[in-house]
Amino acid sequence: MKHLSEYRSGEIAAGLAERIAALVEPGSAYKLMEICGGHTHAIYRHGIEDLLPAEVQLVHGPGCPVCVIPMGRQDDAIAIAEQDGVIFTTFADMLRVPATNGSLLDAKARGADVRMVYSPLDALRLARENPDRQVVFFAIGFETTAPSTALTLLRAGAEGANNFSIFCNHVLVPPPLRAILDAPDLQLDGFIGPGHVSTVIGTQPYEFIASEYGKPVVVAGFEPLDVLQSIYMLLRQLTEGRCEVENQYVRVVRREGNERALAVIEETMEVRDTFEWRGLGFIERSALGVREQWGRFDAERRFELPGTRVADPPACQCGEVLRGALRPWECKVFGTACTPERPIGTCMVSSEGACAAYYNYGRLERRSERTPA
Amino acid sequence: MDACNCITCGDVAIVARVVELRGQSAVVECEGAREEVAVELVAPVELGEQLLCHAGVALERVGQ
């Protein structure tokens with residue numbers, strides 16, 4: 001890739017915005033869902049909505065891995081973290097997610113040994129350095145992150161580690177898309193596909209969206225020009241009556257994905273029969289668990305977990321936001337009782353969460369500017 | 001993606017240049033910051049190559 005500025009040129013962006021406006025039929029509505037939280041973040045950060053005609057509405061999808069973890073799993077994580085002798089490692093965003101009795105940070109304040117890591121490989125290194133402790137890694141993320149966890153399991157196996165395990169919460173992108181497409185309360189015209197998930201899984205897994213549901217998909221990169229170009233490509237498909245999976249992010253995504261990454265996932269993990277998603281409920285075959293032969297590295301087998309289902313706080317409307325049925329500012333606690341400093345719901349915690357992105361980039365004025373369709 | 005994005009989770013990954021080879025790992029550099037990443041999934045890699053990295057692992061080569 002050349003320098004980032006090439007993907008942030010205001011002049012090219014203005015040109016693309018003009019071409020988008022020229023494609024739009026005045027008075028009609030185009031509802032496009034950006035699946036990935038990374039895109040949500042980019043859209044708000046770069047003010048992309050301001051460049052679009054009012055007919056084009058971007059709907060935020062379920063692609064923030066922090067936001068979709070149900071509170072019961074967060075309770076389970078804290079239960080592991082509070083066991084004697086455990087070093088509990090996690091990506092930073094999960095530290096602040098509220099659970100029944102506070103967050104992982106609160107558990108740390110109560111005395112649990114909770115540490116932030118950038119990679120599961122760092123957690124494995126901690127296990128090596130602390131042979132008398134059990135080190136657990138809170139594995140979350142979509143197909144982008146699963147290869148890193150899988151590679152760590154392979155290395156743990158090769159080293160014969162006996163004090164390392166993962167609490168596996170890896171989720172898959174295509175199954176919730178089918179759930180959203182089947183939901184009666186949301187009509188979408190097209191999808192902006194997740195760029196980095198697709199680096200791993202390729203573009204083929206989205207083909208059912210075009211063939212079975214008749215909706216176009218464009219897999220997109222994360223720079224502002226990437227997002228604008230993908231919106232242009234989607235609108236072109238819609239106006240020309242085409243319905244295909246196109247790849248805007250050709251500089252890293254191939255149709256077949258990264259076969260080696262898929263192979264390490266396949267070797268160490270298997271698809272769960274069902275998994276609960278915040279806001280979407282149980283979705284069949286939508287998450288990964290540790291394979292039985294790697295069970296010694298599975299925290300769910302090693303530790304006793306409460307495993308209870310916990311309802312979200314009544315005021316929290318993350319579920320509707322995650323399904324795209326509600327826009328962030330329409331939630332009754334957005335920006336008042338629920339802020340990034342004191343979040344009630346997960347969407348306000350992660351910077352990829354629609355509410356946090358919306359809040360942080362001062363998009364509040366849209367509340368009065370645009371009435372959602 | 002740049003520094004203000006969530007680098008710890010999700011669908012975010014960072015493009016970084018290989019500056020040192022260390023067997024199954026490589027040291028990559030992005031905007032002056034260096035980090036060791038596993039390169040098994042994209043090996044063999046060469047010095048100067050641009051890699052898409054996420055959670056300590058290189059996921060893909062980045063084309064021009």
Next item on the list: Output the number of residues of the range B:26-47 satisfying the condition of being facing chain A (nearest Cβ under 9 Å) and in a strand (DSSP E or B).
Entry: 4
Margin query: Exactly one of these conditions fails for A:SER5: (1) more than 30 Å from A:ARG178 (Cβ to Cβ); (2) outside any loop (DSSP other than H, G, I, E, B); (3) more than 14 Å from chain B (Cβ to nearest Cβ). Give me its number.
Written below: (3)
Check: Hey, A:ARG309 hits all of (1) in a loop (DSSP other than H, G, I, E, B); (2) out of contact with any helix residue (DSSP H, G or I) (no Cβ under 6 Å at 6 or more places or on another chain); (3) surrounded by fewer than 16 Cβ atoms within 10 Å (Cβ to Cβ) but one; which does it fall short on?
Finding: (2)
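Here is a list: A:GLU246, A:GLU207. Which entry is acidic (Asp, Glu) and assigned to a helix (DSSP H, G or I)?
A:GLU207
Among the listed residues A:LEU95, A:LEU105, identify the single one that is outside any strand (DSSP E or B), closer than 21 Å to A:ALA357 by Cβ and over 16 Å from the mean Cα position of the chain (by Cα). Break it down stepwise before answering.
Working: A:LEU105 fails: closer than 21 Å to A:ALA357 by Cβ.
Going through A:LEU95, A:LEU105 in turn, just one is outside any strand (DSSP E or B), closer than 21 Å to A:ALA357 by Cβ and over 16 Å from the mean Cα position of the chain (by Cα): A:LEU95.
Can you say whether A:ARG327 is charged (D, E, K, R), surrounded by 15 or more Cβ atoms within 10 Å (Cβ to Cβ) and touching a His at 6+ places or on another chain (Cβ under 9 Å), as far as the supplied structure shows?
Values: charged (D, E, K, R): yes; surrounded by 15 or more Cβ atoms within 10 Å (Cβ to Cβ): yes; touching a His at 6+ places or on another chain (Cβ under 9 Å): yes.
So A:ARG327 passes the test.
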Notebook entry, point to check: Of the residues that sit in the range A:293-325 and are of a type in the set (A, V, I, L, M) and in contact with a Pro (Cβ under 9 Å, 6 or more places away or on another chain), which one is nearest to A:ASN163 (Cα to Cα)?
Noted result: A:VAL310
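Pull up the range A:30-42, narrow it to residues that are among the hydrophobic types (A, V, I, L, M, F, W, C) and away from chain B (no Cβ under 12 Å), then point me to the one that is surrounded by the most Cβ atoms within 10 Å (Cβ to Cβ).
Start the filter on the range A:30-42 by keeping residues that are among the hydrophobic types (A, V, I, L, M, F, W, C), which leaves A:32-33, A:35-36, A:42.
Retained after the next criterion (residues that are away from chain B (no Cβ under 12 Å)): A:32-33.
Numbers: A:LEU32: 22, A:MET33: 27.
Applying the filter and picking the extreme gives A:MET33.
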Checklist line | Failed condition for A:ARG115, given (1) free of Cβ contacts under 8 Å to residues at least 60 places away in the same chain; (2) within 23 Å of the chain's Cα centre (by Cα); (3) surrounded by 23 or more Cβ atoms within 10 Å (Cβ to Cβ) | finding: (3)
Checklist line | So A:SER286, is it more than 26 Å from A:GLY47 (Cα to Cα) and free of Cβ contacts under 8 Å to residues at least 12 places away in the same chain | finding: no
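Quick one: which of A:GLY279, A:GLY289, A:GLY319 is assigned to a strand (DSSP E or B) and not basic (Lys, Arg)? If you could, list the steps in order and put the result at the bottom.
Values: A:GLY279 fails: assigned to a strand (DSSP E or B); A:GLY319 fails: assigned to a strand (DSSP E or B).
Checking each option against the conditions leaves just A:GLY289.
Listed here are the residues, each with its yes/no results for (1) closer than 30 Å to A:ASP132 by Cβ; (2) surrounded by 21 or more Cβ atoms within 10 Å (Cβ to Cβ).
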residue	(1), (2)
A:GLY27	no, no
A:TYR44	no, yes
A:GLN57	no, no
A:CYS64	no, yes
A:CYS67	no, yes
A:ILE80	yes, yes
A:PHE88	yes, yes
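Take B:GLU60 and decide whether it is assigned to a strand (DSSP E or B), within 9 Å of chain A (Cβ to nearest Cβ), out of contact with any Lys or Arg (no Cβ under 6 Å at 6 or more places or on another chain) and at pLDDT 90 or above. Show your work before the answer.
Numbers: assigned to a strand (DSSP E or B): yes; within 9 Å of chain A (Cβ to nearest Cβ): yes; out of contact with any Lys or Arg (no Cβ under 6 Å at 6 or more places or on another chain): yes; at pLDDT 90 or above: yes.
In short, yes.
The values are calculated or read from the model by the stated rules, or taken from the named source; none is laboratory data. The structure displayed is predicted, hence computed values, not measured ones. Quick reminder, even Gly has a Cβ in these numbers, built from the backbone with ideal geometry, and neighbours come from all protein chains shown.
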